[in-house]
Amino acid sequence: MYFVHKRNWIGCGICGALASATKLFGVVLIVYVVLEYISTLRGKYRLKDILSICLMPTGLICYMVYLYIRTGDALVFFHLQPLFGANRSTSIILLPQVVYRYMRIIFTAYLQPSAVSYFITIIEIILTIYGYGILYYGWKVKTRVSYLVYGFITMTLPTLTGTFSSMPRYLLSAFPIFIILGTVKNITIRYGLISISIILQIILSALFVRGWFVG
């Protein structure tokens, strides 16, 4: 973001390459950078800038080449998802299907398989709705399109595996959410959100240290 605002595209390419090598969401940053770059074109573009931006996915590409050499499968990090135990699928499952699945869990599997796991399921879908709600609010208050698109893709990408598991931490990667929250001027809403966040942090931390996976 710093290099984008400085219009230093080679800096964006290098940082983006490092980000894509360490986290899948790092690749999504190229969408944010491209949208910002297009907004600065004014009808002109430089090949140097485009090549610099194209460096961003090279981190992931290098990692995939490494995986292919070691395992024979460049996408092993994706194909092993079901073994993680978070009910993830290697098939693409659309967001409405995931919502339908969670609605069935909520209304037909009350307190199953345990009260805690049911509670975590509720938290996952509530925080997912909360994240999309914040992005919608950001759109209403005319937040930068690049922020909204990056936030939406970052939130939606994990859901394609068929679950909202880990959404509490995936929201942290959707950094535009925090920028949008910073524009809320109503003190009651601000302190209300802070209070709820503190309470959830205490509850989820307590569950986590007792061995529950809370994302």
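With neighbours defined as other Cβ atoms within 10 Å of a residue's Cβ, the residues 170, 150, 130, 136 order from fewest to most as 136, 130, 170, 150. Placing +1 on the Cβ of every Lys and Arg and -1 on the Cβ of every Asp and Glu, with no other charges, gives region 80-215 a dipole of roughly 280 debye about its Cα centre.
Going by neighbour counts of Cβ atoms within 10 Å, the residues 79, 5 line up, fewest first, as 5, 79.
Computed over the chain with a Gaussian network model linking Cα atoms closer than 10 Å, the most mobile of 172, 157, 67 is 67.
Which of the trypsin sites (Lys or Arg not before Pro) found in region 69-165 are loop residues per DSSP with 13 or fewer other Cβ atoms within 10 Å of their Cβ?
The qualifying sites are 142.
Relative contact order, whole percent, for the chain stands at 19, derived from Cα pairs under 8 Å and 6 or more residues apart. Using a simple spin-label model with pseudo-atoms 7 Å out from Cα toward Cβ, residue 61 and residue 119 lie 4.8 nm apart.
The distance linking region 140-215 with region 48-126 is 17 Å (Cα centroid to Cα centroid, whole angstrom). Full extension of the segment from residue 38 to residue 79, taken as 0.36 nm per residue of separation minus the current Cα-Cα distance, would add 11.3 nm. All C-alpha to C-alpha distances of region 80-215, sorted into 10 Å bins beginning at zero, yield P(r) values of 11, 38, 36, 14, 1 percent in whole numbers. Placing unit charges on each Cβ (+1 for Lys and Arg, -1 for Asp and Glu) gives region 80-215 a dipole about its Cα centre, and among 199, 177, 139 the Cα reaching farthest toward its positive end belongs to 139. Taking only the C-alpha atoms of region 1-112, Rg followed by Dmax gives 19.2, 59 Å. List the DSSP H helices in the chain whose Cα atoms stretch 30 Å or more along the helix axis and whose mean Kyte-Doolittle hydropathy is at least 0.0. TM-like helix candidates: 115-140, 187-209. Put simply, the C-alpha atoms of region 135-215 give a gyration tensor, and the ellipsoid matching it has half-axes of 25, 20, 7 Å, longest first.
Average projection, convex hull of the Cα set of region 88-164: 5.5 square nanometres.
A short reminder: the numbers here are calculations on the coordinates, not readings from a lab. Keep in mind it's a predicted model, so treat the numbers as computed, not measured. Backbone-built Cβ (ideal geometry, glycine too); neighbour counts: all protein chains shown.
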